[in-house]
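**Student:** Sharing a structure with you now.
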Ligand code: ISL
């Protein structure tokens, strides 16, 4: 297997708006990130991924870009960016940018031009359709509620937007669009960035006959109609040939709608497309037919199976990625752990899973201190456009019976803002995120969940991450080792073996609030490397959320 830095590295995702505000305007910024690079380095991180920092009207917090060659005013200037990149490289770390090219902002110059007239040179940069018998071109729904088509009075046609109406989809059929994207990529790579996380890359190629959807189930719609379109591999191979191939850069596609069976078409060593995919099996695992606001129960086995099916397929010819949360999903400890009675134990157990399974791990900001979902009680506290759209449509469909409290309860569990509250640095006001008034309220638990407190506490989640990362870095077995999962009688107990050049590591995890017997003899020669319980282990029993790592 080819050895590379992006297989060996650990990624840390920053959501710049919520990371650290340096100038008191309540919005995180690049100088804020610079001031916290030492924290990230102390964790043992190798690669930073920044959610979008380009010029944007922020309808979707930067995922609606109006100028790919400028830094968002809220975040700073190009000089700040150059300094940030230099400071990251100085510390031996690398930087990935977020490449959002399925759509632009409607305030991008291309769209402003495109909408002017049907024969504008930029018209074909986007997807326009005439009304059909005075109606919508088809019944495609947007990811964020309502139709995916928006009528534009000026030219009396609809444009396609799979996300908000302020995020018109680019027309990848147009070779000029593709060249524009390659220019953007070269611009940032020539500046020295080390690769891209590619937003909804699986959606670029549209089915050109735009067939109507025949189900309400959103995941099925993504699979059948939106993702893995007819020319996707041609586009990605072209992107590789034209751009990626000429740089030592990593490409990580956000793979919404890519099933494990199709993984190798994107990341197979022989494909010359992408290096890795962020897959979604476990991220959509509790989404019902109507999506995130329609949560449903799932089994632990189906959770493990997501990782196993991807790993089985990628074992020989590709490479995987492991993550349990990002800026689009609830906090991992609240979602997959127990953020009450076993907050610390379960946060550490989840960290163990992320950092010991085969694949490049990505840690989302704040997870290294076990940040949790936020109990916002009023719709005014929320900021996410997806949530507001869901709020409006639920209200609209309720025939005057709308139950705001019931909606908020689901939002507290499922909403994207859970992951977007300010990073909790200290126990000072707003968690030390800003001296001003933050764009979104801090989670009130910053008084006891914060970086400063955890730096001082040797038993903290933060120090557990450090130890775990230290262990991972000592042995390439964690990276290139084979992986064998051993599932026993007890569903909650998850164990796996990593093996490399005769060296063996065992990981044992108890995903439950109960004591579980292991039904498994720990070999006498096994040495305990790390556990999330500080007192001596009790042999054949695992305590609630206990995680252990052994070496042979
Ligand atoms: O959160 C989701 C919807 O409930 C996901 O389906 C999400 O929309 C999908 O993962 C795509 O996310 C990415 O593109 C979006 C942006 O809003 C997200 O923040 C980004 O990560 C549109 O650019």
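**Student:** Across region 249-265, what is the number of residues that are in contact (Cβ under 8 Å) with a residue 60 or more places away in the chain and more than 16 Å from the ligand (Cβ to nearest atom)? Working first, answer last.
**Tutor:** Residues of region 249-265 in contact (Cβ under 8 Å) with a residue 60 or more places away in the chain: 249-250, 252.
Those still in the list that are more than 16 Å from the ligand (Cβ to nearest atom) too: 249-250.
Number of matching residues: 2.
**Student:** Let me ask you something else. Being in contact with a helix residue (DSSP H, G or I) (Cβ under 8 Å, 6 or more places away or on another chain) and either more than 22 Å from residue 44 (Cβ to Cβ) or assigned to a loop (DSSP other than H, G, I, E, B) (or both) is true for just one of 489, 499, 521. Which residue is that? It would help to see each step written out before you state the result.
**Tutor:** Values: 489 fails: in contact with a helix residue (DSSP H, G or I) (Cβ under 8 Å, 6 or more places away or on another chain); 521 fails: in contact with a helix residue (DSSP H, G or I) (Cβ under 8 Å, 6 or more places away or on another chain).
From the options 489, 499, 521, the qualifying one is 499.
**Student:** Can I ask one more? I need the full set of residues from region 95-113 which are away from the ligand (no atom under 14 Å from the Cβ) and either out of contact with any strand residue (DSSP E or B) (no Cβ under 7 Å at 6 or more places or on another chain) or free of Cβ contacts under 8 Å to residues at least 60 places away in the same chain (or both), in order please.
**Tutor:** 107, 109, 110, 111, 112, 113
**Student:** Ok, one more. All but one of (1) under 20 Å from the mean Cα position of the chain (by Cα); (2) away from the ligand (no atom under 15 Å from the Cβ) hold for residue 32; which doesn't?
**Tutor:** Going through (1) under 20 Å from the mean Cα position of the chain (by Cα); (2) away from the ligand (no atom under 15 Å from the Cβ) one by one, residue 32 breaks only (1).
**Student:** Inspect all residues belonging to region 391-406 and state whether any of them is in contact (Cβ under 8 Å) with a residue 24 or more places away in the chain, in contact with a helix residue (DSSP H, G or I) (Cβ under 9 Å, 6 or more places away or on another chain) and closer than 29 Å to residue 465 by Cβ.
**Tutor:** No: region 391-406 contains no residue that is in contact (Cβ under 8 Å) with a residue 24 or more places away in the chain, in contact with a helix residue (DSSP H, G or I) (Cβ under 9 Å, 6 or more places away or on another chain) and closer than 29 Å to residue 465 by Cβ.
**Student:** Residues that are more than 30 Å from residue 496 (Cβ to Cβ) and at pLDDT 95 or above: which helices (runs of 4 or more DSSP H) entirely in region 397-479 hold 3 or more of them?
**Tutor:** Numbers: elements: 404-414, 451-456, 461-474.
In region 397-479, 404-414, 451-456 are the helices (runs of 4 or more DSSP H) which contain 3 or more residues that are more than 30 Å from residue 496 (Cβ to Cβ) and at pLDDT 95 or above.
**Student:** Of the residues that make up region 117-132, is at least one within 25 Å of the chain's Cα centre (by Cα), part of a loop (DSSP other than H, G, I, E, B) and crowded, with 17+ Cβ neighbours inside 10 Å?
**Tutor:** From region 117-132, those within 25 Å of the chain's Cα centre (by Cα) are none; that's our starting set.
No - not one qualifying residue is present in region 117-132.
**Student:** What's the number of the condition residue 64 fails, among (1) under 23 Å from residue 235 (Cα atoms); (2) surrounded by fewer than 18 Cβ atoms within 10 Å (Cβ to Cβ); (3) in contact with a strand residue (DSSP E or B) (Cβ under 9 Å, 6 or more places away or on another chain)?
**Tutor:** All conditions are met except number (2).
**Student:** Follow-up question, since we're still on this one. Would you mind telling me which numbered condition in (1) under 19 Å from the mean Cα position of the chain (by Cα); (2) within 14 Å of the ligand (Cβ to nearest atom); (3) crowded, with 20+ Cβ neighbours inside 10 Å residue 59 fails?
**Tutor:** Of the numbered conditions (1) under 19 Å from the mean Cα position of the chain (by Cα); (2) within 14 Å of the ligand (Cβ to nearest atom); (3) crowded, with 20+ Cβ neighbours inside 10 Å, the odd one out for residue 59 is (3).
**Student:** So, one more: Hey, can you tell me all the residues within region 408-437 that are surrounded by fewer than 18 Cβ atoms within 10 Å (Cβ to Cβ) and in contact with a strand residue (DSSP E or B) (Cβ under 9 Å, 6 or more places away or on another chain)?
**Tutor:** 410, 413
**Student:** While we're here: Let me spell it out: the conditions are (1) assigned to a loop (DSSP other than H, G, I, E, B); (2) buried (at least 19 other Cβ atoms within 10 Å of the Cβ); (3) away from the ligand (no atom under 13 Å from the Cβ), and residue 270 meets all of them except one. Which number is the exception?
**Tutor:** (2)
**Student:** Sticking with this one: What number goes with the only condition from (1) away from the ligand (no atom under 16 Å from the Cβ); (2) surrounded by 21 or more Cβ atoms within 10 Å (Cβ to Cβ); (3) closer than 24 Å to residue 275 by Cβ that residue 325 does not pass?
**Tutor:** (1)
**Student:** Exactly one of (1) under 30 Å from residue 147 (Cβ atoms); (2) in contact with a helix residue (DSSP H, G or I) (Cβ under 9 Å, 6 or more places away or on another chain); (3) within 16 Å of the ligand (Cβ to nearest atom) is unmet by residue 421. Its number?
**Tutor:** (1)
**Student:** A further question on this structure: Tally the residues that are buried (at least 17 other Cβ atoms within 10 Å of the Cβ) and either under 21 Å from the mean Cα position of the chain (by Cα) or free of Cβ contacts under 8 Å to residues at least 60 places away in the same chain (or both), restricting the search to region 189-218.
**Tutor:** Total meeting the criteria: 14.
**Student:** Going through region 198-227 one residue at a time, which ones are under 21 Å from residue 243 (Cα atoms) and not in a helix (DSSP H, G or I)?
**Tutor:** 198, 199, 200, 204, 205
**Student:** Name the single residue that is farthest from the ligand (Cβ to nearest atom) among those in region 305-322 being outside any helix (DSSP H, G or I) and in contact with a helix residue (DSSP H, G or I) (Cβ under 7 Å, 6 or more places away or on another chain). Outline the logic, then answer.
**Tutor:** Looking only at region 305-322, we keep the residues that are outside any helix (DSSP H, G or I), and these are 315-322.
Filter again for in contact with a helix residue (DSSP H, G or I) (Cβ under 7 Å, 6 or more places away or on another chain), leaving 317-320, 322.
Numbers: 317: 25, 318: 21, 319: 20, 320: 18, 322: 17 Å.
Checking each candidate, the answer is 317.
**Student:** What number of residues within region 278-304 are without any contact (Cβ under 8 Å) to a residue 24 or more places away in the chain and more than 15 Å from the ligand (Cβ to nearest atom)?
**Tutor:** The total comes to 3.
**Student:** Looking at residue 341 and the list (1) out of contact with any helix residue (DSSP H, G or I) (no Cβ under 9 Å at 6 or more places or on another chain); (2) more than 14 Å from the ligand (Cβ to nearest atom); (3) more than 20 Å from residue 532 (Cα to Cα), which single condition is not satisfied?
**Tutor:** Status for residue 341: all satisfied but (3).
**Student:** Of the residues in region 265-295, how many are closer than 22 Å to residue 243 by Cβ and in contact with a helix residue (DSSP H, G or I) (Cβ under 8 Å, 6 or more places away or on another chain)?
**Tutor:** Step one: filter region 265-295 for residues closer than 22 Å to residue 243 by Cβ, giving 265-278.
Checking which are in contact with a helix residue (DSSP H, G or I) (Cβ under 8 Å, 6 or more places away or on another chain) leaves us with 265-267, 271-277.
Result for region 265-295: 10.
**Student:** Return the residues of region 160-194 that are within 19 Å of residue 117 (Cα to Cα), more than 16 Å from the ligand (Cβ to nearest atom) and touching a strand residue (DSSP E or B) at 6+ places or on another chain (Cβ under 7 Å); say none if nothing qualifies.
**Tutor:** Matches in region 160-194: 171, 177.
The values are calculated or read from the model by the stated rules, or taken from the named source; none is laboratory data. Fair warning: this is a prediction, and the values are worked out from it, not measured in the lab. Please note: Cβ atoms are built from the backbone with ideal geometry, for glycine as well, and neighbour counts cover all protein chains shown.
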